[in-house]
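Quick notes on the structure that follows.
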Amino acid sequence: MRAATGVGDEVEATMRAVRLTAPGVLEQVAAPTPTAGPGQVLLAVAAVGACHSDLHILDAPPGLFPTPMTLGHEIAGTVETVGAGVTGWSPGDRAAVYGIIGCGTCRACLRGRENQCRRVPVGGIGLSRDGGLADYVVVPASRLLPIGELDLIQAAPLTDAGLTPYHAVELARPALRPGTYCVVIGIGGLGHMAVQILAATTAVRIIAVDTSMAALDLATRMGAHHVVQAGPEAIETIRAIVGPAPDGADVVIDCVGVDATLTTARTVVSTGGRLLLVGLGGGTLPVRPVADEPPTLPLETSVEVPFWGTRAELQEVIAMGQLGLLTADVQTFPLERAPEAYDLLRRGEIHGRAVIVP
Ligand code: NAD
Ligand code: ZN
Ligand code: ZN
């Protein structure tokens, strides 16, 4: 912890933090070093994944997210200090952060589904309170999961880029039968982890779709059986693989969520298939429940909008990382270069996950 030169007798410890200082404005500032209150832990941040959702937060209209707020919701680090009443964690312990903070008492939270909390919509570290793009972050001790010897730079992306597609795959698991097709659209931070999760935990044929050839190369390295470049011919190319309607892909995981990808998703999904809309790209999926051709959605198809995942699932994702079954393709940046990492992410020039290393 670095002590800043104070005025008079006041010497406040400050740290570096990359903050949303006003809607759309991301800058590195000196912020007060937080202290761990009761039940909390002060974590020395080792690594933070740069998620595309952070760009949505940056682009959000005023009032939706608090300012100033330190960004960063994909966090791993070591315990610096523990607050009163915290048991089971000691300085030096290595941990990954489960970013969601539900109310803890609603019907969903009581079932361990804090990602469906009925009282706190989209609450979490780096979403509704200060996140990890800083030297230190305070988190409730209940949000920490042990990672053993796992590399901290690998642990960070597991907490969202790994957890979110893992949760989506868990939702769709009954439909992911051996030999069926699963289409993954958008092979970025989340998508390249989705491909690995499918490859490691199912026997489906994986079709990866992206606009970028580099992303498709990554998909092949991660275990995709087919790659399709997004564009005017993508639907035809996917149909040539999965066969004509009413057959098709049993599961489609859209990690982009713009009109074009939603159109691809609903056009290649099979009758009775499942669409998992993970990407928050602002597109619209039309649904008109009729049986005529061509339908907006095939009959018996279900649509889900997964959000992040549960703590129990994160534990399993960490286990996959420890077993060498899930490895993020990372590009690291020092804290000072976090804004540049987000610029590259926006331009589509990050492959795999950008990880900021304070
Ligand atoms: P990313 O920028 O790392 O990856 C996006 C990928 O999509 C890139 O490879 C890009 O080339 C590709 N792409 C862009 N437009 C495309 C198109 N029209 N067709 C095909 N591919 C296209 O982003 P990310 O961090 O993986 O996040 C993906 C999306 O998921 C974002 O919208 C993000 O906000 C959202 N997200 C949702 C949740 C959730 O809980 N539902 C959690 C995390 C992220
Ligand atoms: Zn995210
Ligand atoms: Zn709740």
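The values are calculated or read from the model by the stated rules, or taken from the named source; none is laboratory data. Quick caveat, the model's predicted, so the values are computed rather than measured. When we count neighbours, we look across all protein chains shown, and the Cβ atoms used for this are built from the backbone with ideal geometry, even at glycine. For accessibility, only protein heavy atoms count, side chains too; no ligands or nucleic acids. Shrake-Rupley method; radii C 1.70, N 1.55, O 1.52, S 1.80 Å.
Just need the relative contact order of region 163-304 here, percent rounded to a whole number, with Cα pairs under 8 Å and 6+ apart.
Relative contact order here is 21 percent.
Can you give the helix-only mean residue ellipticity at 222 nm for the chain, where every DSSP H stretch with n ≥ 4 adds -39500 (n - 2.57) and the sum goes over all residues, rounded to the nearest 500 deg cm²/dmol? Mind dumping the intermediate values first?
Working: 10 runs with 91 residues, N = 358.
Calculated from helices alone, the mean residue ellipticity at 222 nm is -7000 deg cm²/dmol.
Could you rank the peptides 212-223, 54-65 by their average count of other C-beta atoms within 10 Å per residue, with the highest value first?
Numbers: 212-223: 18.1, 54-65: 14.4.
Highest-to-lowest ranking by the protection proxy: 212-223, 54-65.
In Å, what is the Rg of the alpha-carbon atoms in region 192-235, and how long is Dmax?
Using the Cα atoms of region 192-235, the pair Rg, Dmax is 10.2, 32 Å.
DSSP beta bridges in region 21-147, what fraction antiparallel, as a percent rounded to 5?
Details: 20 of 21 bridges.
Among the beta bridges of region 21-147, antiparallel pairing accounts for roughly 95 percent.
Keeping the other protein chains in place, figure out the carbon and sulfur percent of the accessible area of the chain, with a 1.4 Å probe.
53
Kindly express, to the nearest 10 degrees and within the range 0 to 90, the angle between helix 163-172's C-alpha long axis and the longest C-alpha principal axis of the chain.
For helix 163-172, the angle is close to 30 degrees.
Share of antiparallel DSSP beta bridges in the chain, in percent to the nearest 5?
Rounded to the nearest five, the antiparallel share is 55 percent.
Quick one: length gained pulling residue 296 to residue 217 fully straight, 0.36 nm per residue minus the C-alpha distance?
Net length gain for the segment: 25.3 nm.
Quickly rank 129-142, 184-197, 99-112 as a protection proxy: mean count of other C-beta atoms within 10 Å, highest first.
Working: 129-142: 23.5, 184-197: 28.9, 99-112: 16.6.
With the highest mean Cβ count within 10 Å placed first, the list reads 184-197, 129-142, 99-112.
Given +1 on the Cβ of Lys and Arg, -1 on the Cβ of Asp and Glu, and no further charges, what dipole in debye does the chain carry about its Cα centre, rounded to the nearest 20?
With Lys and Arg at +1 and Asp and Glu at -1, about 760 debye.
Stretched out fully, how many nm does the piece from residue 64 to residue 280 gain, at 0.36 nm a residue minus the Cα gap?
Gain on extension, residue 64 to residue 280, equals 76.2 nm.
Would any residue of region 49-75 have its amide N under 16 Å from a label point 7 Å out along Cα→Cβ of residue 25? List them or say none.
58-71
Taking the alpha-carbon centroid of each part, what is the distance from region 63-106 to region 341-358 in angstrom?
23
Rolling a 1.4 angstrom probe over the protein heavy atoms, how many square angstrom per residue are accessible across the chain?
43
Go through 90, 280, 33 and say which Cα lies farthest out towards the positive end of the charge dipole of the chain; charges sit on Cβ, +1 for Lys and Arg, -1 for Asp and Glu.
90
Measure nothing fancy, just the Cα-based angle from helix 259-268's long axis to the longest principal axis of the chain, in degrees from 0 to 90, nearest 10.
50
Binned at 20 Å from 0, what are the whole-percent values of the Cα-Cα distance distribution for the chain, short to long?
The percentages, shortest bin first, are 30, 55, 13, 1.
For region 163-304, count all C-alpha to C-alpha pairs, find those more than 23 Å apart, and express that count as a whole percent of the total.
23
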